[in-house]
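The values are calculated or read from the model by the stated rules, or taken from the named source; none is laboratory data. It should be emphasised that the depicted structure is a prediction, and the values quoted were computed from it without experimental measurement. Using ideal geometry, Cβ is built from the backbone for each residue, glycine included, and neighbour counts are taken over all protein chains shown. The area values use the complete protein model at the heavy-atom level, side chains included, leaving out ligands, DNA and RNA. Shrake-Rupley method; radii C 1.70, N 1.55, O 1.52, S 1.80 Å.
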Amino acid sequence: MSARTSPPSKPLTDRIRPNHPPYGLADYERHGGYQGLRAALKMSPQDVTALMKSAGLRGRGGAGFPTGVKWSLVPMGENAPKQKYIIANGDEMEPGTFKDRLLLEGDPLQFIEGITIGGYAIGASIGYVFLRAEYVEAARALRKAIQECYARNRLGRNILGSDFHFDLYLHTSAGRYICGEETALINSLEGKRAIPRAKPPFPATSGLFGKPTVVNNIETLCNVPHIVHYGAEWFRGLSKGKDGGTKIYGASGKLRRPGAWELPMGTTVREILEDHAGGLRAGLKLRGFLPGGASTDFLTAEHLDVPMDFDSIAKAGSRMGTGMMIVLDDQTDVIGMVRNLERFFARESCGWCTPCRDGLPWVEKILASLEAGQGRPEDLTILRQMTRLLGPGRTFCAHAPGAMEPLQSALGHFRLDFERAAARSAAVAGGRP
Amino acid sequence: MLSPDEIAEIDRELAHYEQPAAATIEALKIVQRHRGWVSDEAVAAIAAKLGCSPADVDAVATFYNLIYRRPVGRHVIHVCDSVTCWMLGEPRLTELLKAQLGIDYGQTTADGRFTLLPICCLGTCDRAPAMMIDEDTHRDLESVDAARLSAILERYP
């Protein structure tokens with residue numbers, strides 16, 4: 001069936017041809033497609049979940065939760081609720097992140113095969129793709145692929161002659177970053193405001209319409225068919241570290257060749273930024289970088305040799321997040337950059353809890369006044385207080401604590417910039433009548 | 001009143017959910033696609049169709065930034081003002097747009113042609129800065145000048 005003789009080293013992007021439309025079903029299957037689902041349907045659902053655990057697949061949406069563990073929390077067996085759901089989180093709105101777009105536009109069938117296997121593993125007969133509104137091309141590619149899958153018995157009833165039924169629906173969103181938070185996403189899919197829910201209960205037991213629900217990131221699900229087809233050992237072997245697989249890494253900013261690349265998990269920051277992104281543009285020097293989106297702590301040049309995996313980046317004082325780096329060069333104003341990030345978080349707060357709704361605009365205002373040379377001496381003290389008052393445990397969800405990560409790390413790594421801005425403001429104020 | 005087309009499209013979405021109110025966002029988007037924006041009357045019509053209160057529908061409509069509760073121009077321009085686009089010249093792009101259209105964010109040109117709005121990260125940061133006009137994404141606008149911008153805008157009569 002497969003034209004391939006050896007397993008791919010870059011499974012996620014193996015079938016993606018830049019500037020070409022994605023493969024239809026026939027070409028997809030000629031290149032190894034649907035071998036994973038065929039193999040999965042011969043296994044028990046529990047064995048598929050166990051395979052994800054032994055492969056060391058961790059969620060690619062930012063939190064890095066082990067996928068097999070997430071699936072194993074769903075009630076199974078005779079006494080489990082009849083209706084369960086699996087949802088793909090395609091609400092890719094983390095600033096700096098453009099990996100799921102690439103996967104959906106380039107190989108929508110890989111994703112569909114992945115969510116179908118996920119549905120089989122947890123006993124869900126319905127799946128939803130929650131896609132951000134702006135991903136128009138991805139929506140087109142998905143609609144076409146879903147239609148072809150229904151026509152060719154890869155979706156719907158008795159898939160590939162088995163007794164497994166699975167329907168997949170595309171939901172395109174209407175904006176708001178908070179939809180990416182999994183319980184807010186579930187509320188949004190129920191047609192409500194995207195406000196996070198209290199946990200517990202966790203979605204695995206009570207999610208969409210109160211039914212057991214798993215929410216997985218797009219990139220996570222794209223790995224699933226390959227793990228089933230080629231095995232856990234192969235998947236672990238792709239990685240340079242202890243988390244399995246490859247990762248879509250990316251970099252943006254004033255770089256020679258910004259982009260996204262599928263590389264072994266655990267590739268160093270230096271290799272990504274220098275070999276793949278081509279380093280900074282002429283005349284610019286690296287000052288720092290956000291390793292995985294706007295809601296991760298700044299790291300600096302001293303961290304260039306840290307491997308980009310969940311534990312190594314955490315040990316260095318940040319989070320790998322989405323693995324899509326944003327680079328700060330020495331000509332860009334740090335305070336302006338942090339002000340831009342905090343404006344984003346302030347605007348995207350859902351407004352449900354007071355510290356986040358009121359605190360983030362306050363932070364943004366202070367940063368804007370510092371940037372404009374109109375700050376006050378006490379501003380830095382207030383900003384430092386805010387990183388604690390809006391930190392973990394003080395708010396309803398992770399939105400505000402995420403917003404504090406770039407701020408608190410900038411106040412540490414780039415302290416002199418902030419002090420200089422405060423001093424400049426004081427001098428300006430002193431000169432006023 | 002919803003049109004027969006709107007009702008047919010909403011019914012297709014209703015079949016995807018176990019509760020009718022779940023189709024609220026889809027219904028709002030369907031009505032907006034047909035009418036350009038969502039009026040009070042449309043909110044009430046959607047509520048009646050889905051069996052919920054107009055207040056419920058309006059709470060949802062006002063939460064999501066891509067549902068317009070006021071009339072917009074024939075074409076909506078969304079400029080990404082998130083971090084990578086900001087670093088690579090979004091402020092300059094925004095100033096050019098404002099000057100050329102003679103409007104600020106949140107406003108519509110007098111001829112009803114364009115509405116200008118900011119938007120968060122469009123997920124195309126390797127080709128920043130970027131903006132969307134209707135459903136088209138325009139990329140690599142770092143060195144855009146007034147002439148090139150005019151040429152882009154001309155495609156949206």
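Considering segment A:67-79, the residues that are in a loop (DSSP other than H, G, I, E, B) and in contact (Cβ under 8 Å) with a residue 12 or more places away in the chain include one that is farthest from the chain's Cα centre (by Cα), namely A:M76. Could you tell me whether segment A:108-126 includes any residue that is farther than 30 Å from B:L88 by Cα, within 12 Å of chain B (Cβ to nearest Cβ) and at pLDDT 95 or above? Taking every residue of segment A:108-126 in turn, at least one turns out to be farther than 30 Å from B:L88 by Cα, within 12 Å of chain B (Cβ to nearest Cβ) and at pLDDT 95 or above. Quick check: is even one residue across segment A:351-361 at positive phi and not aromatic (F, W, Y)? Yes, the conditions are met somewhere in segment A:351-361. Among residues of segment A:122-167 being part of a strand (DSSP E or B) and under 21 Å from the mean Cα position of the chain (by Cα), the one that is nearest to B:L66 (Cα to Cα) is A:L131. If you go through segment A:127-153 and keep only what is among the aliphatic types (A, V, I, L, M), within 13 Å of another protein chain (Cβ to nearest Cβ) and open to solvent by less than 10 Å² (accessible area, probe 1.4 Å), you end up with A:V129, A:L131, A:A138, A:A139.
Note on segment A:36-54: among residues that are open to solvent by less than 40 Å² (accessible area, probe 1.4 Å) and of a type outside the set (A, V, I, L, M), the one that is nearest to the chain's Cα centre (by Cα) is A:T49.
Let me confirm something: among A:K70, A:K84, which residue is away from chain B (no Cβ under 14 Å) and modelled with pLDDT of 95 or more?
Criteria check complete, one pass: A:K70.
When the criteria are applied in full, A:I117 meets the requirement of being assigned by TED's automatic domain parsing to the domain that holds A:G32 and crowded, with 24+ Cβ neighbours inside 10 Å. Among the conditions (1) on the phi > 0 side of the Ramachandran plot; (2) touching a residue at least 60 places away in the same chain (Cβ under 8 Å), A:G156 misses just one, which is (2).
Of the residues examined, A:T322 is one that is within 27 Å of the chain's Cα centre (by Cα) and either open to solvent by less than 10 Å² (accessible area, probe 1.4 Å) or of a type in the set (V, I, T) (or both). Counted as qualifying within segment A:207-304 are the strands (runs of 3 or more DSSP E) with 2 or more residues that are surrounded by 22 or more Cβ atoms within 10 Å (Cβ to Cβ), within 12 Å of chain B (Cβ to nearest Cβ) and at pLDDT 95 or above, namely A:246-252, A:286-290. If you go through segment A:178-190 and keep only what is within 11 Å of chain B (Cβ to nearest Cβ), over 14 Å from A:Y135 (Cβ atoms) and surrounded by 23 or more Cβ atoms within 10 Å (Cβ to Cβ), you end up with A:I178, A:A184, A:I186, A:S188, A:L189.
Per-residue answers, yes or no, for (1) over 20 Å from A:N216 (Cα atoms); (2) without any contact (Cβ under 8 Å) to a residue 40 or more places away in the chain:
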{"residue": "A:A26", "(1), (2)": "yes, yes"}
{"residue": "A:G36", "(1), (2)": "no, no"}
{"residue": "A:G56", "(1), (2)": "no, no"}
{"residue": "A:G62", "(1), (2)": "no, no"}
{"residue": "A:F65", "(1), (2)": "no, yes"}
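Restricted to segment A:331-433, the set of helices (runs of 4 or more DSSP H) holding at least 2 residues that are within 26 Å of the chain's Cα centre (by Cα) comprises A:334-348, A:354-371, A:379-389, A:399-413. Any residue at all in segment B:74-84 that is under 17 Å from A:T172 (Cα atoms) and either assigned to a helix (DSSP H, G or I) or open to solvent by 10 Å² or more (accessible area, probe 1.4 Å) (or both)? Among the residues of segment B:74-84, not one is under 17 Å from A:T172 (Cα atoms) and either assigned to a helix (DSSP H, G or I) or open to solvent by 10 Å² or more (accessible area, probe 1.4 Å) (or both), which makes the answer no. When B:R70 is tested against the conditions (1) within 14 Å of chain A (Cβ to nearest Cβ); (2) in a loop (DSSP other than H, G, I, E, B); (3) under 19 Å from the mean Cα position of the chain (by Cα), the lone failure is (1). No other residue among A:P11, A:P22, A:P7 is part of a loop (DSSP other than H, G, I, E, B), in contact with an Asp or Glu (Cβ under 6 Å, 6 or more places away or on another chain) and touching a residue at least 40 places away in the same chain (Cβ under 8 Å) apart from A:P22.
Among the residues making up segment B:146-157, those that are surrounded by 10 or more Cβ atoms within 10 Å (Cβ to Cβ) and either on the phi > 0 side of the Ramachandran plot or charged (D, E, K, R) (or both) are B:R148, B:R155. Scanning segment A:343-393 for residues that are open to solvent by 60 Å² or more (accessible area, probe 1.4 Å) and within 22 Å of B:A59 (Cβ to Cβ) yields a count of 5.
Would you check which residues across segment B:91-130 are within 9 Å of another protein chain (Cβ to nearest Cβ), open to solvent by less than 20 Å² (accessible area, probe 1.4 Å) and part of a helix (DSSP H, G or I) and list them?
Scanning segment B:91-130 gives a single hit, B:C125.
Looking only at segment B:12-44, how many residues end up being away from every other protein chain (no Cβ under 14 Å), surrounded by fewer than 21 Cβ atoms within 10 Å (Cβ to Cβ) and assigned to a helix (DSSP H, G or I)? Total meeting the criteria: 5. The sole residue among B:V76, B:V60, B:V83 that is within 12 Å of chain A (Cβ to nearest Cβ), within 16 Å of B:A128 (Cβ to Cβ) and free of Cβ contacts under 8 Å to residues at least 60 places away in the same chain is B:V83.
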